[in-house]
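First up is the structure itself, then whatever we jot down about it.
The values are calculated or read from the model by the stated rules, or taken from the named source; none is laboratory data. The shown structure was predicted, so the numbers you read here are calculated from the model rather than taken from an experiment. Note that we place each Cβ from the backbone using ideal geometry, even for glycine, and neighbour counts take in every protein chain shown.
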Amino acid sequence: MSAPVHLPPLRATPEWGALAAHQRALRDVTLRQLFATDPGRGTRLVAEGAGLYLDYSKNLVTDETLRLLQELARARGVLARRDAMFRGDRINRTEDRAVLHVALRAPRGTQISVDGRNIVPEVHEVLDRMAAFADRVRSGTWRGHSGKPLRNIVSIGIGGSDLGPVMAYEALRFYSRRDMRFRFVSNVDPADFVEATHDLDAAETLFIVCSKTFTTLETLANAHAAREWCLAALGGDAAAVAKHFVAISTNAAEVARFGIDTANMFGFWDWVGGRYSMDSAIGLSTMLAIGPDGFREMLAGFHAMDEHFRTAPAGGNLPLLMGLLAVWYNNFFGAQTVAVLPYSRYLKRFPAYLQQLTMESNGKQATLANEAVDVQTGPVYWGEPGTDGQHSFYQLIHQGTRLIPCDFIGFEQALTPLGGQHELLMANLLAQTEALASGRTADQLRAENTPDWLVPHRVCPGNRPTNTILAGRLTPGTLGALVALYEHSVFTQGAVWNINSFDQWGVELGKQLARKVTAELQARDEPELHHDSSTNALIRRYRAARRSGG
Ligand code: G6Q
């Protein structure tokens with residue numbers, strides 16, 4: 001077990017005090033003023049790395065803010081902790097594990113050691129097996145039990161074993177095999193499985209059961225449902241399982257117990273956290289969709305951002321900057337949320353993916369010194385693609401009473417050009433960030449002859465901070481870089497707060513709780529209930545309704 005990380009309580013540090021005093025001094029400074037007094041701001045407060053351009057000039061920061069935030073990072077040992085992660089130290093101390101998702105995208109020939117063993121060759125061995133399998137399925141040489149090529153891919157998993165594959169499939173749909181169908185089943189609600197399979201021919205369907213532990217209730221329930229569905233349609237011959245099921249897991253014993261031949265299993269390792277696993281074998285559905293070359297291109301994008309995070313100077317380091325800006329608003333402005341607003345329909349699941357990455361990682365209250373953290377930790381991340389969001393919740397961002405920092409994500413080239421629509425899309429992105437920064441003043445409104453009584457309603461105060469992230473086009477490589485950008489931004493925030501961004505004990509609790517209630521809901525005889533009176537009554541009501549067929 002690695003030693004506790006003793007850092008002084010944040011509020012007691014001079015760096016924290018300096019930032020708090022600086023924030024008070026900045027209280028009356030507006031983004032309008034900052035842009036007016038510094039014409040170069042929009043080209044100076046920018047950074048580039050791994051094919052992404054970050055404009056952070058529309059943030060409530062000055063050069064002094066950035067200097068103080070970097071001082072904070074230095075005092076908290078963020079870069080030393082980053083180096084420890086890349087080195088394979090067991091920085092996930094509550095689970096006594098290394099944190100090496102960066103090894104999943106390390107090029108062949110790189111050396112990264114865990115317990116004295118270089119793990120990079122194992123990573124590539126699995127990638128090569130995945131590629132050989134994907135090629136066989138895509139070319140139709142891997143055939144189902146009745147001899148038909150497999151055209152339907154159903155990935156079964158939940159949480160970290162689902163959100164990445166779903167997001168990546170949607171994001172990279174443009175590059176995907178259009179003659180194959182991809183479905184994702186996560187919820188234990190039977191509707192999920194039934195709707196995902198109702199129109200599929202079992203003879204042409206491959207199930208990928210994704211579960212790191214292979215003990216997760218929802219995934220096993222759906223995997224059993226899939227086996228029954230498949231065997232019922234294929235004449236009941238259990239030999240069909242070998243042709244229609246593969247497993248992605250770290251737990252070979254449970255995979256075998258389920259009945260999947262471990263020859264059809266693709267492994268990963270305990271040093272890959274679920275929410276950091278979309279670039280491991282958990283991404284097999286992504287590889288089947290976009291092909292092994294596309295998948296490798298995605299890994300290269302991840303790796304480019306890893307290298308940027310590892311080597312770029314602090315002042316131009318995208319994940320470090322974004323992480324520190326998130327701390328700035330969260331801790332010094334009391335911002336409770338961050339909105340992520342991709343101007344790409346393909347990225348419609350990206351905010352949901354980020355919710356797990358950010359909130360499961362930094363939703364923590366204990367420090368790595370086993371003490372209560374003395375400041376707010378992870379903010380709520382949320383969002384929807386633009387321009388849809390503009391017609392609903394942007395109102396609150398423009399004129400509500402809360403400060404909501406936003407990340408706008410856009411692309412210079414459309415994948416699917418259609419007249420001038422891409423310009424329309426991007427014009428909206430740019431106009432929104434401008435309006436959020438500058439607002440619309442009472443003077444402007446009066447000059448437009450707005451009646452006095454209406455002015456307060458129409459004023460947009462502006463001064464709402466945004467990041468703009470631009471990339472050339474949405475490719476597998478860009479997606480990899482974008483995900484890694486947020487992974488390392490999350491890391492930066494967690495390191496400042498001195499929390500463990502890599503465990504998830506709250507999720508583990510949820511996994512245990514339902515087991516007891518399930519037994520009580522299913523019991524033949526009336527069970528003795530020892531919950532609170534609300535839970536007891538709800539269980540009885542449900543049982544009574546089921547008995548009466550209601
Ligand atoms: C991710 C979490 C959690 C996990 C799921 C699925 O970091 O630990 O979301 O991925 O609970 O777990 P299994 O892959 O073990 O089924």
- Which pairs do you get when a residue that is in a strand (DSSP E or B), found in the range 394-422, comes within reach of a residue that is among the charged types (D, E, K, R), reach meaning Cβ atoms under 8 angstrom, with the pair 6+ apart or on two chains? C406/R464; F411/R473
- Message: For the range 294-347, which positions are of a type in the set (F, W, Y) and within 24 Å of A171 (Cα to Cα)?
- Response: F295, F302, F309, Y343, Y346
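Residues to consider are R136, R183, R178; find the one that is surrounded by 21 or more Cβ atoms within 10 Å (Cβ to Cβ), at pLDDT 95 or above and away from the ligand (no atom under 16 Å from the Cβ).
Exactly one of R136, R183, R178 is surrounded by 21 or more Cβ atoms within 10 Å (Cβ to Cβ), at pLDDT 95 or above and away from the ligand (no atom under 16 Å from the Cβ), namely R183.
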- Of the residues in the range 258-278, those that are away from the ligand (no atom under 14 Å from the Cβ) and not in a helix (DSSP H, G or I) come to G259, I260, D261
- Message: For the range 193-215, which positions are within 15 Å of the ligand (Cβ to nearest atom) and in contact with a helix residue (DSSP H, G or I) (Cβ under 7 Å, 6 or more places away or on another chain)?
- Response: F207, I208, V209, C210, S211, K212, F214, T215
- Note on the structure: Result of the Cβ filter at 8 Å on the range 210-221, keeping first residues that are in a strand (DSSP E or B) and partners that are more than 8 Å from the ligand (Cβ to nearest atom) and of a type in the set (S, T, Y), at least 6 apart or interchain, is C210/S155
- Message: Going residue by residue through the range 157-168, is there one that turns out to be away from the ligand (no atom under 16 Å from the Cβ) and either polar (S, T, N, Q) or surrounded by fewer than 21 Cβ atoms within 10 Å (Cβ to Cβ) (or both)?
- Response: no
- Restrict the check to the range 329-346 and report whether at least one residue is assigned to a helix (DSSP H, G or I), β-branched (V, I, T) and on the phi < 0 side of the Ramachandran plot. no
- Task: Take the range 234-257 and flag every residue that is buried (at least 18 other Cβ atoms within 10 Å of the Cβ) and assigned to a helix (DSSP H, G or I).
- Result: A240, V241, K243, H244, V255
- Message: Going by what's in this entry, would F302 be described as touching a residue at least 12 places away in the same chain (Cβ under 8 Å), of a type in the set (F, W, Y) and either in a helix (DSSP H, G or I) or more than 16 Å from the ligand (Cβ to nearest atom) (or both)?
- Response: yes
- For the range 20-36, pairs from a residue that is closer than 12 Å to K58 by Cβ to a residue that is surrounded by 14 or more Cβ atoms within 10 Å (Cβ to Cβ), with Cβ under 6 Å and 6 or more apart or across chains, are T30/N463; L31/A437; L31/N463; R32/S438; F35/R41
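To keep it simple, each residue is scored yes or no on (1) more than 14 Å from the ligand (Cβ to nearest atom); (2) among the small types (G, A, S).
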position	(1), (2)
G462	yes, yes
L470	yes, no
Q493	yes, no
V496	yes, no
S501	no, yes
- Unique match (being without any contact (Cβ under 8 Å) to a residue 12 or more places away in the chain and within 23 Å of A134 (Cα to Cα)) among D261, D279, D189, D293: D293
- Task: Name every residue in the range 128-169 that is over 21 Å from L104 (Cβ atoms) and assigned to a helix (DSSP H, G or I), in order of residue number.
- Result: R136, V137, R138, S139
